[in-house]
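*Asks:* Here it is: the structure, laid out below.
The values are calculated or read from the model by the stated rules, or taken from the named source; none is laboratory data. Note that the structure is predicted; figures quoted are calculated from it, not measured. Cβ: placed from backbone, ideal geometry, glycine included. Neighbour counts: every protein chain shown.
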Amino acid sequence: MKKILIILTGGTIAMKASPSLGVVPTSDFAQFLKSFPQLERVADVEVMDYSNIPSPYMTPDLMFDLAKTIDLKIVDYDGVVITHGTDTLEETAFLCDLVLTTRKPVVFTAAMRSGSDLGLDGPRNIIGAVRVASFIDSRDKGVLVVMNDEIHTARDVVKSDSGKVGAFMSLGYGPLGSVDPDRIVYHRNALYRECVWTDRIETNIDLIKATAGFDGRYIRCSIEHRAKAIVIEAFGRGNLPDYLVPDIKAALDAGILVFISTRTYTGRVLPEYGYEGGGKALEDLGAILTSDMKGCKVRLKLMALFGKYGDADTVRRFFLQNRD
Ligand code: ASP
């Protein structure tokens, strides 16, 4: 039997409804897990009570500390499963994917329903995640996310719905595999994985989302706060209005890297449009287009790159070398 460590960090999976407070964290989740004999049948499981926070409380520093814990612990296990709130799971999983060096399975899971809801998904997701972590073919796949009997990569997965059990999707690509009753099935390979093996992260990186008619005050605020980089989730292929160009120029002139991703759900940004503010014109100005990577994940990758290399020019070159 494979030896799997389950690290508990909190989230709805460890919450229950209280009549006066609403859905809140409980302290007996580790105990609750023991009431599922199915878990013992799939692996030799140990549980580590790491934290018990709702995932909106997660910060990049907490994520990075968690990654360091996984890194130290996994040497003594065949795989690690992390339970987490769903709200920021895709970010924590992706930061761990960037910085972890292990080839062993690291699998995040969560629940959309609390311990007081009908049709609990948490225990099923945990057992699925432990099965995935115990499966030899899950090695070398980077950090995985198991939800609703599906296996996703940390890079591609997003929480796409605020309430449904099937909220986690790899939009545009589909899941990597399935947790079937008889066995784990992988349908495809992820072609590449982002890695930045670093000892520290730099958190002063901003993310701004474009909306029709939005103005440059957020960019100016980032400049004022000396952000190392600004990621803008622009329109479509990576386009912005012409009147923002002076603010983008000001950021670039201040030595701040500007990255352009898209606010669309799928697809890549491209240097296609040459009008003032269009993706091609922005690239010509010195902004960096980020392919299909979502803004929140570009932000985390930049935190790791700045943590490792420090200066903007090196970060720019390292970002571009692996850009697809
Ligand atoms: N608000 C919760 C959290 O992310 C939602 C969940 O876990 O599903 O902690």
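*Asks:* In the list 158, 143, which residue meets the criterion of being among the hydrophobic types (A, V, I, L, M, F, W, C), more than 13 Å from the ligand (Cβ to nearest atom) and surrounded by 22 or more Cβ atoms within 10 Å (Cβ to Cβ)? Talk me through it step by step, then tell me what you get.
*Replies:* Values: 158 fails: surrounded by 22 or more Cβ atoms within 10 Å (Cβ to Cβ).
The match here is 143.
*Asks:* Here's another thing I want to ask about it. Could you grab me the full set of residues in segment 126-167 that are among the polar types (S, T, N, Q) and either modelled with pLDDT under 95 or assigned to a strand (DSSP E or B) (or both)? Working first, answer last.
*Replies:* We begin by selecting, within segment 126-167, every residue among the polar types (S, T, N, Q); these are 134, 138, 148, 153, 160, 162.
The one that is among the polar types (S, T, N, Q) and either modelled with pLDDT under 95 or assigned to a strand (DSSP E or B) (or both): 153.
*Asks:* Within segment 168-197, track down each residue that is outside any loop (DSSP other than H, G, I, E, B) and under 30 Å from residue 305 (Cβ atoms).
*Replies:* Keep residues of segment 168-197 that are outside any loop (DSSP other than H, G, I, E, B), which gives 168-169, 177-179, 184-186.
Within segment 168-197, 168, 169, 177, 186 qualify.
*Asks:* Could I ask something else about it? Tell me the residue from 164, 159, 141, 104 that is within 19 Å of residue 50 (Cβ to Cβ) and among the basic types (Lys, Arg), please. Working first, answer last.
*Replies:* On the way: 164 fails: within 19 Å of residue 50 (Cβ to Cβ); 159 fails: within 19 Å of residue 50 (Cβ to Cβ); 141 fails: within 19 Å of residue 50 (Cβ to Cβ).
Of the residues listed, the single one that is within 19 Å of residue 50 (Cβ to Cβ) and among the basic types (Lys, Arg) is 104.
*Asks:* Sticking with this one: Would segment 95-105 turn up any residue that is under 28 Å from residue 36 (Cα atoms) and in contact with a Pro (Cβ under 9 Å, 6 or more places away or on another chain)?
*Replies:* Looking for residues that are under 28 Å from residue 36 (Cα atoms) and in contact with a Pro (Cβ under 9 Å, 6 or more places away or on another chain), one finds none in segment 95-105, hence no.
*Asks:* Hey, which of the strands (runs of 3 or more DSSP E) in segment 32-111, taking only ones fully inside, have at least 1 residues that are surrounded by fewer than 22 Cβ atoms within 10 Å (Cβ to Cβ) and away from the ligand (no atom under 16 Å from the Cβ)?
*Replies:* In segment 32-111, the matching strands (runs of 3 or more DSSP E) lie at 44-49.
*Asks:* Looking only at residues in segment 9-27 that are within 12 Å of the ligand (Cβ to nearest atom) and assigned to a strand (DSSP E or B), which one is surrounded by the fewest Cβ atoms within 10 Å (Cβ to Cβ)? Even if it seems obvious, please write down each step before you answer.
*Replies:* So in segment 9-27, the residues within 12 Å of the ligand (Cβ to nearest atom) come out as 9-15, 22-25.
The next check asks that each one be assigned to a strand (DSSP E or B); those that pass are 15, 22-25.
Numbers: 15: 24, 22: 9, 23: 16, 24: 12, 25: 17.
Among them, the one singled out is 22.
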